[in-house]
Amino acid sequence: MNCPSISELPPPPAGKTGWPWTISSDPTQPSASAPRISIVTPSYNQGQFLEETIRSILLQGYPNLEYMIIDGGSSDESCAIIKKYQPWISYWVSEPDRGQAHALNKGIAKMTGSLFGWINSDDLLLPEALGLIGRAHQQFPDRILAGDVVVFQDDSGVEEFCPQYGLDLRNFVEYWRPERSWAQPGVFLPSTLMSKVGLLDETLHYCFDHDLLCRTLPLAEAKTLNSPVARYRHHPTSKTVSKLDFFHLEVVRVTRKYWSSLPEMDISAAKRHCVSLLIQTGLNRAVAGKSASVFFVDAMKIQPLWSLYSAGGWMMRRLLNPPPTPREARLEKDSSL
């Protein structure tokens, strides 16, 4: 499918200007050799963001796009928005699913492009991103492509540039290493590579993208594009904000699967790092009155003695440096005004 022009699309909502409302990408010249890029958007009750996401993909001006939206049976305005853009969407469905990974797998099963990526329903592509990605895929057809990402806070508008670097297996298995920076919306994978590693792990709800990279990086190198291609939205209901504790839990479970893939890895140090993260997260949750047993159980399974040591260290730090009471916090805030 050729991307539509801005004049072909429905007009933007009142008051919406700029990209991707009143500005479009410069059209990429149609070419028989332009690789087909398949993009899947998993969606569920994020109608307040979805139209912006859709327009940022359709207004790429790219001549060979396959765009699919897999909605999990939204009860908000999502389906009405999708229907509004239906003529330019290759495939869409709205039905209950088993989570984000399952939704993406449904799209992957239908894709016909030679390059695959997903843009969540609260994120968006930057202008001319697909032209850059398509040209890179022609030059490096067997490589994982990684464009930089702009992370932005939806409420404050604060932005942070997230470059992609250090994308190799060791830096994903030893995820705590500072030599790596990455963000999922900027990553695109060859379909031939996906056919080798299989679908996303549907037992994972937060770190299935991390797990996918751990499976693909042994088979293909990553090519960083050194140019921003996407915007990654942080907002109060996004999983990376509201479910961060469970990201910690799941990334530990993922990384443990691949420790044996790195013969030179210091397993003892890895266990200590993972246990410390789980214990700290669990204790913070317990103090806040939230369920925490699963964090402690996982930590004890990895290394019981270090779990006890980490818990003791956490409690000692709390005793020596107790957090301020609500009254003390208010007084401190008032004195700073």
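The values are calculated or read from the model by the stated rules, or taken from the named source; none is laboratory data. Because the structure is predicted, anything quoted here is derived from the model rather than measured. Glycine gets a Cβ as well: all are built from the backbone with ideal geometry, and neighbour counts include every protein chain shown. Protein only, heavy atoms only, side chains kept; ligands, DNA and RNA dropped before computing areas. Shrake-Rupley method; radii C 1.70, N 1.55, O 1.52, S 1.80 Å.
Below, the figures for the structure above:
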read-out	value
Segment 36-94, residues that are of a type in the set (Val, Ile, Thr) and closer than 19 Å to residue 137 by Cβ	37, 39, 40, 57
Residue 95 farther than 25 Å from residue 204 by Cα, open to solvent by 60 Å² or more (accessible area, probe 1.4 Å) and among the charged types (D, E, K, R)	no
Helices (runs of 4 or more DSSP H) contained in segment 199-262 and holding at least 2 residues crowded, with 16+ Cβ neighbours inside 10 Å	208-216, 244-257
Sole residue being open to solvent by 70 Å² or more (accessible area, probe 1.4 Å) and either among the hydrophobic types (A, V, I, L, M, F, W, C) or touching a His at 6+ places or on another chain (Cβ under 8 Å) (or both), chosen from 265, 300	300
Test for residue 69: is it β-branched (Val, Ile, Thr), assigned to a helix (DSSP H, G or I) and either touching a Phe, Trp or Tyr at 6+ places or on another chain (Cβ under 9 Å) or open to solvent by less than 10 Å² (accessible area, probe 1.4 Å) (or both)	no
Per-region count, segment 251-274, residues of a type in the set (Val, Ile, Thr) and more than 24 Å from the chain's Cα centre (by Cα)	1
Tally of residues being in a loop (DSSP other than H, G, I, E, B) and surrounded by fewer than 17 Cβ atoms within 10 Å (Cβ to Cβ) across segment 131-162	8
